[in-house]
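Below is one structure, written out as structure tokens; comments come after it.
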Amino acid sequence: MTWETIRKDSTAQVAPNLADYARERSEFTWSRARKCLDGLPCGRGLNMAYEAVDRHVGTMRGGKVALRCLARDGTVTSATYAELAHRTARFANVLRSLGVGRGDAVFTLLGRCPELYTVVLGTLKNTSVLCPLFSAFGPDPVEQRLRLGDALVLVTTAALYRRKVAERRPDLPGLAHVLIVGPGAEELPGTLSFDALMAAASGHFAIPPTSPEDMALLHFTSGTTGTPKGAIHVHEAVVAHHATAAYALDLHPEDVYWCTADPGWVTGMSYGVIAPLVHGVTVVVDEGDYDALRWYRILDEQQVSVWYTAPTALRMLMRGAPPQRSNDGRAVHDLPALRFVASVGEPLNPEAVVWGQESLGLPVHDNWWQTETGCIMIANFAACEIRPGSMGRPLPGVEATVLERGEDGRARITDGGVRAVHEPDVVGELALRPGWPSMFRGYLHDEKRYEAAFADGWYLTGDLARRDEDGWYWFVGRADDVIKSAGHLIGPFEVESTLMEHPAVAEAGVIGRPDPMAGNIVKAFVSLRPGVEPTAALERELLAFGRRRLGPAVAPREIAFDQNLPKTRSGKVMRRLLRARELGLPTGDLSTLEGSV
Ligand code: AMP
């Protein structure tokens, strides 16, 4: 099935940045993409925050609105590029006054408030490393990431600090400074007031020389086993953020842009903060949670022209507010300013693409990437045919392939070598040729896991895909056990470890159970300690325990008791078998289970 893009008549049309896919791919080089950026004055290097903010200040864009922040109560506050430059300079000075310098880790645990953007960009100006945490994480994931990431500074609110950090603080001796945004620092021992520090800081800051290879961002992601992995990204990644936002999001300087992802995740950082600001567009930031009417209102009132969102949100919109039609057949949610819609993070069902066309007047452009790649790798482009259900084609500068699979479902590695699948529509592990600027440079303190992510000159993504005969890529599933729920990547090991800290639990195996709305929900199978009865009350208690400790984004939504958890010979719980049983699939060939995402 193919789908030619039908564009809205009412939309102010712009020429797409990528008009001819084949030509752009053949002519593109990353060094040419680098030339679109300014670099620090006097050849002092490349700094993400300079590209995102300061370089606009001396131009016509200085007075343009950079951020338009919508508070939960509907209050709108805006900051121009010049104001953002000033604020971020202040925060860089705050860090400097605390003795925080190059390479030191600054963590955020904040909602999508204006201060978050100040902290992110101020940290980058100071050449410190920014690590964002999702504010819906519970105390366990927060503590673990603060520890694994060597957090020196945490910026949060009084409420989040009280609920998620205060009790664990004695176990985090390296966490030297906690800055509280808003009121409350006075009542919290061991914290400082963000506002007071900002008020005392100068608004002038000279960005120190920054090597493109200096570490800039740390994003935690999950694997099948072990602790979360801290993917290291460097300042040079900004070259890829800029180029890919032009190609895959079709950003133009006059756009009003809204990315619904939280900056606690990589999408919300690369494309919610850095890329759009580097393009000098106006970025809409909504502090509120998903609400269909609120979202339509934002698209309408803020005159959003480019919208980057996620399949779960689109599915919720499809269900929550069925598009109503006026007598002439127009969608009631007529959004004349909207000209491009993209989505990422989980499979986008073909119905959602079609729904976009019918109710928004635009199809949804799916694209694919992951924390490690730092930027979009495969996309449907504004000027190209969309094949609903396909992730699209590799971006200019990106070489992708599908590798033959071995017994374990992942790329087969024989004597260090791998084999690409040449026939169309054969499922294999999606792999990428390293070399683009936002490629992760390592997993923090985990060289072994980093090395294991490569074979024979390819980066192995852990995803299964097929390529059709015309070169479009189709997502098939994960080759490992990580769970995508509502677009968030969840490591089963992290959930199992927390559950096993409950006194009633002997062992746990955690899987993703397919769900029509969220893609998957987290389901835990637990075996109980001798003498403990599997009651409904205990089930409720374990669900509440999970929520309290892990937070709603990660906690299991379902618990099943099972005294005979299937195990490997070495004693590991076989999640794939649990999943096969749950789905009623044959359990003989476990490598076939991926089709059920
Ligand atoms: P994260 O590192 O949290 O951004 O998650 C990356 C993973 O999300 C990928 O490895 C895929 O499994 C999944 N993913 C991202 N984009 C898509 C997409 N367009 N279609 C299907 N799965 C996707």
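Please work out how many pairs of lysine residues in the chain are eight or more positions apart (or on different chains) and have Cα atoms closer than 18 angstrom. The partial results should precede the final answer.
Numbers: LYS229/LYS448; LYS229/LYS484; LYS484/LYS523; LYS523/LYS567; LYS523/LYS572.
Within the chain, the lysine pair count is 5.
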With both partners inside the stretch 481-597, how many of the DSSP beta bridges are antiparallel, as a percent to the nearest 5? 80 percent
Using 1/(1 + (r/R0)^6) with R0 = 25 angstrom and r between the beta carbons of LYS64 and GLU287, what's the FRET efficiency to the nearest 0.05? 0.70
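How big is the convex hull of the Cα atoms of the stretch 483-583, per residue, in Å³? Each step should come with its number before you reach the end.
On the way: hull volume 9.8 nm³, N = 101.
Given the Cα convex hull of the stretch 483-583, per-residue volume reads 97 Å³.
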Counting DSSP beta bridges with both partners in the stretch 3-343, what percentage is antiparallel, nearest 5? 25 percent
Stokes-Einstein D in µm²/s, Kirkwood radius over Cα pairs - the stretch 267-422 at 37 °C with 0.692 mPa s viscosity: 187 µm²/s
Can you compute 3J(HN,Hα) from phi for each residue in the stretch 409-424, using the Karplus curve 6.51 cos²θ - 1.76 cosθ + 1.60 with θ = phi - 60°, rounded to whole Hz and x for Gly and Pro? x, 9, 3, 7, 10, 10, 6, x, x, 10, 10, 6, 7, 9, 6, x
Assigning unit charges at the beta carbon (Lys, Arg +1; Asp, Glu -1) and nothing else, what dipole magnitude in debye, to the nearest 20, does the chain show about its Cα centre? 760 debye
Of all DSSP beta bridges in the chain, what percent run antiparallel (nearest 5)? 55 percent
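For the chain, what is the accessible area per residue in Å² when the probe is 1.4 Å?
Details: 22950 Å² over 597 residues.
I get 38 Å² per residue for the chain.
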Provide the per-residue ³J(HN,Hα) series for the stretch 458-471, in order, calculated from phi with Karplus coefficients 6.51, -1.76, 1.60 and θ = phi - 60°, each as a whole number of Hz, with x at glycine and proline positions. 10, 8, 8, 7, x, 9, 9, 8, 10, 10, 7, 5, 9, x
May I ask you to give the percent of accessible area on the stretch 333-394 that is carbon plus sulfur, with a probe radius of 1.4 Å? 53 percent
In whole angstrom, the spacing between the Cα centers of the stretch 402-427 and the stretch 263-322 equals 37 Å
Round to the nearest 10 and report in Å² the accessible area of ASP289, as given by a 1.4 Å probe over the protein chains' heavy atoms. 100 Å²
Please turn the phi angles of the stretch 195-211 into ³J(HN,Hα) values with the Karplus equation 6.51 cos²θ - 1.76 cosθ + 1.60 (θ = phi - 60°), one per residue in order, whole Hz, x for glycine and proline. 4, 5, 5, 5, 5, 8, 8, 6, x, 10, 8, 8, 5, x, x, 10, 6
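Would you work out the Kirkwood radius for the stretch 3-343? I mean one over the mean of 1/r across all pairs of different Cα atoms, in Å.
Working: mean 1/r = 0.0476 Å⁻¹.
Across the stretch 3-343, the inverse of the average 1/r is 21.0 Å.
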Mean projected area (nm²) from the convex hull of Cα positions in the chain is 27.9 nm²
Give the peptides 45-55, 109-119, 554-564 in descending order of average Cβ contacts within 10 Å, highest first. 45-55, 109-119, 554-564
Given HIS242, ILE207, ILE232, which one lies farthest toward the positive end of the charge dipole of the stretch 183-288, if we put +1 on the Cβ of every Lys and Arg and -1 on the Cβ of every Asp and Glu? ILE232
Sorting LEU40, VAL278, PRO139 by the position of each Cα along the dipole of the chain (Lys, Arg +1; Asp, Glu -1; all at Cβ), the one nearest the positive end of that ordering is PRO139
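Could you compute the net charge surrounding GLY435? Neighbours are other residues with a C-beta less than 15 Å from the C-beta of GLY435; K and R count +1, D and E count -1. Please report the intermediate quantities before stating the final value.
On the way: positive: ARG25, ARG32, ARG34, ARG433, ARG441; negative: GLU213, GLU236, GLU372, GLU399, ASP456.
Around GLY435, the charge tally is 0.
Rounded to the nearest 500, what is the chain's calculated 222 nm mean residue ellipticity when only DSSP H runs of at least 4 contribute -39500 (n - 2.57) each, over all residues?
Working: 17 runs with 148 residues, N = 597.
Mean residue ellipticity at 222 nm (helix-derived): -7000 deg cm²/dmol.
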Charge tally for neighbours of ASP195 with beta carbon under 15 Å away, counting Lys, Arg as +1 and Asp, Glu as -1, is -1
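Using a 1.4 Å probe on the protein chains only, how many percent of the accessible area of the stretch 405-474 belongs to carbon and sulfur?
So the carbon and sulfur contribution to the accessible surface is 46 percent.
Suppose we take every Cα in the stretch 52-108 and form the convex hull; what volume per residue is that in Å³? Each step should come with its number before you reach the end.
Values: hull volume 6.0 nm³, N = 57.
Output value, Cα hull per residue: 105 Å³.
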Distance in Å, no decimals, from the C-alpha centre of the stretch 25-60 to the one of the stretch 449-469 is 30 Å
Cα centroids of the stretch 480-496 and the stretch 527-591: how far apart, whole angstrom? 14 Å
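The values are calculated or read from the model by the stated rules, or taken from the named source; none is laboratory data. Since the structure is predicted, the reported quantities are computational estimates derived from the model, not experimental observations. Positions of Cβ are generated from backbone atoms using ideal geometry, with glycine treated the same way; all protein chains shown enter the neighbour counts. Side chains included, ligands, DNA and RNA excluded: accessible areas come from the protein's heavy atoms. Shrake-Rupley method; radii C 1.70, N 1.55, O 1.52, S 1.80 Å.
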